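Structure first, commentary second.
The values are calculated or read from the model by the stated rules, or taken from the named source; none is laboratory data. Please read these numbers as outputs of a predicted model, since none were measured by experiment. Reconstructed Cβ throughout: ideal geometry from the backbone, glycine too, with neighbour counts over all protein chains shown.
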Amino acid sequence: MPIVEKSLVSVDRVEHLEVEGIDVSGDWNTFLRSRVVTDLDVKIADWVKGQPQGETISRCWQCGTCTAGCCLHTDYGLEEFNPRYFIYLAQIGYEEELRRYASTIWRCVSCNKCVERCPKGVKVEEVIHTIGTYLELSGGAAESPADRFDRAYTENLLGRGILDEAALFRTYERLEGRRTPARELLRLGLTLLKSGRLHTGPFAHRTRGWNRMRKVLEAKLTEDRARRRASVPAPPVPSGRKP
Amino acid sequence: MNAAPARGPVDAVPAYYPGCSLDGLGKAYEVTCQQVLDRLDLSLDRIVDYNCCGATEVKNLSQDVSIALPARNLALARSMDRHQVVAACNGCVYSLARANDAVHEEATRTRINATLQAGGSPAYDGSASVQHVLEFIYQRAGLERVRAAVRRPLTGLTVAPYYGCLYTRPKRYTGVGTTPGTDDPEHPHFLDELLRACGAKVVEEYSAKTICCGGGHALSDLDVSVAFGASILNEAKRAGADLVATICPLGQINIENHLDRIRAEFGEEIVRPVAYFTQLMSLAFGSSLKQARLGDNFSRPDLFLRARGFV
């Protein structure tokens, strides 16, 4: 965990910066002395760490390798998409600031460059999604298009065991209030039909004997969601800025 | 002949996990995979009654469901007495391999197996390895046998090899780069070499090789997905490629699905036909354009290839 009091480190003060009797200036001839930082709110980090997808969050040493390679940050140029910073904010429990990114975090496309490259073995992509889940479940963050898609996808596949691609497309368009023109749909449908690829509705593929598994997995899904929701700490009372 | 893979016990005929796409929109990929395997004297044994692997979506809702879904397929492969599972979709490779990683932990394995058995599936002990069909072909057939199978070299075609994300990433799950005989996780080259063995000119240093196509956000985040599709095509254009070869149905469909918007926003000149690598290999092995189902693709590589003298 890095030193949090960055705002204290200004050029004119750096030589004599002492906090709780310890030099934290990193002056040229001293090592930065480690100390216990006591003013952190660890409830978000603890919650994230308690989820199987988020348990590696505490390994993060803030090197920024994830952000440097992040395809949203670097290739797409979405500068505010900064996985290192999201993890940092979760670690120090700066919830107000983190909430500003609730509408950005969901845009992670799961390319997994960050997970591939992280020198500490943080499963960054899964940790980021878990932070997003925290923001959604603890209230305040609106459900994102990606959340709606994840849910539509999961419900669709659990139905028959095998995804009905065309039905997923229709369901998701309805959820987002989008409408592909009928003529275009017809053209697409005919192309797929002619090449024997229109397996939808009654003609959809299905996994034999799936019903039993469907019930078990649907129950699991409901149970997991309830457990996660119940375990989320109460949202913070808005306050002044933290250090 | 390449060395045997060191992922675990090797099957003469591994299990084949099709996944939803290869039975749906990506049918051309499955059909031409089969053609290529036949011509190289390789076989795979299809997992009957497989289920969807959960891709990258389910894990955001429930860890256990996201492990149980792929684990059921791996358990089916084990009950066919296979130790190797081959999949052709990057997303499937990722989630199957991710399930393997998760069940190595005993507590998770016990929990997942309770779920599987309650649902009527055999239990899974984590003993099946997962491999992409590109790696399977490269390792088992080797470049010599590919060269020997070529009847109509892809001479005169310049191809941009697009690998996408989850064929190699993350190595912690896929084992690519950490397992002997596997591809380079940051600069993969198996596809380059196979296409070259088929007589194509392959773009060196194709900079969009492993960028993202937008993945599961193709519908939920159109702007990002369109921009990535355009990058993949634009980098191919800049490198002088005639077409783009893919190894993943999601990559293939994401690029093709956005072609209208890519045309409108970035211009017709960057648009290139996009084809599964097995369609191109099948063509090189002597299939007709129709047999290689190149007319299935929305970007119509069949029209382009016909104009280039392939029939």
For residues that are among the basic types (Lys, Arg) and either assigned to a loop (DSSP other than H, G, I, E, B) or more than 7 Å from chain B (Cβ to nearest Cβ) (or both), scanning just the range A:195-222, find the one that is nearest to B:Leu22 (Cα to Cα). A:Arg197
Tell me, yes or no, whether the range A:160-180 has at least one residue that is closer than 30 Å to A:Leu89 by Cβ and either modelled with pLDDT under 90 or assigned to a helix (DSSP H, G or I) (or both). yes
If you scan the range B:96-108, which residues turn out to be away from chain A (no Cβ under 11 Å) and not aliphatic (A, V, I, L, M)? B:Asn100, B:His104, B:Glu106
Condition (residue is touching a strand residue (DSSP E or B) at 6+ places or on another chain (Cβ under 6 Å) and surrounded by fewer than 24 Cβ atoms within 10 Å (Cβ to Cβ)) applied to the range B:25-32: is it met by at least one residue? no
So B:Pro70 fits all but one of (1) within 13 Å of another protein chain (Cβ to nearest Cβ); (2) assigned to a strand (DSSP E or B); what number is the exception? (2)
Among the candidates A:Arg117, A:Arg160, which residue alone is touching a residue at least 24 places away in the same chain (Cβ under 8 Å), farther than 21 Å from B:Gly229 by Cβ, more than 8 Å from chain B (Cβ to nearest Cβ) and in contact with a His (Cβ under 9 Å, 6 or more places away or on another chain)? A:Arg160
Filter the range A:132-177 down to residues that are small (Gly, Ala, Ser) and buried (at least 18 other Cβ atoms within 10 Å of the Cβ), then give me how many there are. 8
Identify the residue in the range A:74-110 that is within 12 Å of chain B (Cβ to nearest Cβ) and more than 13 Å from the chain's Cα centre (by Cα) and, among all such residues, is surrounded by the fewest Cβ atoms within 10 Å (Cβ to Cβ). A:Gly77
Scanning the range B:19-57 for residues that are in a helix (DSSP H, G or I) and without any contact (Cβ under 8 Å) to a residue 12 or more places away in the chain, the one nearest to A:Ala166 (Cα to Cα) turns out to be B:Gln34
Quick one: is B:Ile262 of a type in the set (Val, Ile, Thr), within 25 Å of A:Leu188 (Cβ to Cβ) and in contact with a strand residue (DSSP E or B) (Cβ under 7 Å, 6 or more places away or on another chain)? no
Screening A:Glu155, A:Glu97, A:Glu136 for residues that are on the phi < 0 side of the Ramachandran plot, outside any loop (DSSP other than H, G, I, E, B) and at pLDDT 95 or above leaves only A:Glu155
Name the residues in the range A:49-64 that are within 13 Å of chain B (Cβ to nearest Cβ) and β-branched (Val, Ile, Thr), would you? A:Thr56
Looking only at the range B:298-308, decide whether some residue is among the aliphatic types (A, V, I, L, M), at pLDDT 95 or above, within 21 Å of the chain's Cα centre (by Cα) and in the same structural domain as B:Phe190 (by TED's automatic domain parsing). no
Evaluate the range B:41-48: report whether one residue or more is over 30 Å from A:Gly132 (Cβ atoms), away from chain A (no Cβ under 14 Å) and crowded, with 24+ Cβ neighbours inside 10 Å. no
When the range B:244-260 is checked residue by residue, the ones that are surrounded by fewer than 24 Cβ atoms within 10 Å (Cβ to Cβ) and aliphatic (A, V, I, L, M) are B:Ile253, B:Leu259
Test B:Ser121 against the stated conditions and say whether it is surrounded by fewer than 16 Cβ atoms within 10 Å (Cβ to Cβ), in contact with a Leu (Cβ under 9 Å, 6 or more places away or on another chain), in contact (Cβ under 8 Å) with a residue 12 or more places away in the chain and assigned by TED's automatic domain parsing to the domain that holds B:Leu42. no
Restricting attention to the range B:181-200, the residues that are in a loop (DSSP other than H, G, I, E, B) and farther than 21 Å from A:Lys113 by Cα number exactly 4
Can you find a residue in the range B:150-172 that is farther than 30 Å from A:Cys108 by Cβ and within 10 Å of chain A (Cβ to nearest Cβ)? no
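Within 12 Å of chain A (Cβ to nearest Cβ), out of contact with any Gly (no Cβ under 8 Å at 6 or more places or on another chain) and crowded, with 24+ Cβ neighbours inside 10 Å, is that true of B:Arg111?
The answer is no for B:Arg111.
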If I ask for residues that are under 13 Å from B:His83 (Cβ atoms), of a type in the set (A, V, I, L, M, F, W, C) and in a loop (DSSP other than H, G, I, E, B), which ones from the range B:123-143 would you list? B:Ala128
Say whether the condition of being in a helix (DSSP H, G or I), closer than 23 Å to B:Leu42 by Cβ and under 15 Å from the mean Cα position of the chain (by Cα) is met by at least one residue in the range B:153-165. no
Yes/no for A:Val37 being part of a loop (DSSP other than H, G, I, E, B), modelled with pLDDT of 70 or more and either in contact with a Cys (Cβ under 9 Å, 6 or more places away or on another chain) or surrounded by 13 or more Cβ atoms within 10 Å (Cβ to Cβ) (or both): yes
Residues of the range B:23-66 that turn out to be closer than 19 Å to A:Ala152 by Cβ and out of contact with any Cys (no Cβ under 6 Å at 6 or more places or on another chain), as a count: 14
Restricting attention to the range B:201-254, the residues that are within 14 Å of chain A (Cβ to nearest Cβ) and either touching a residue at least 60 places away in the same chain (Cβ under 8 Å) or not in a helix (DSSP H, G or I) (or both) number exactly 22
Residue check, B:Val203 within 15 Å of the chain's Cα centre (by Cα) and farther than 17 Å from A:Lys113 by Cβ: no
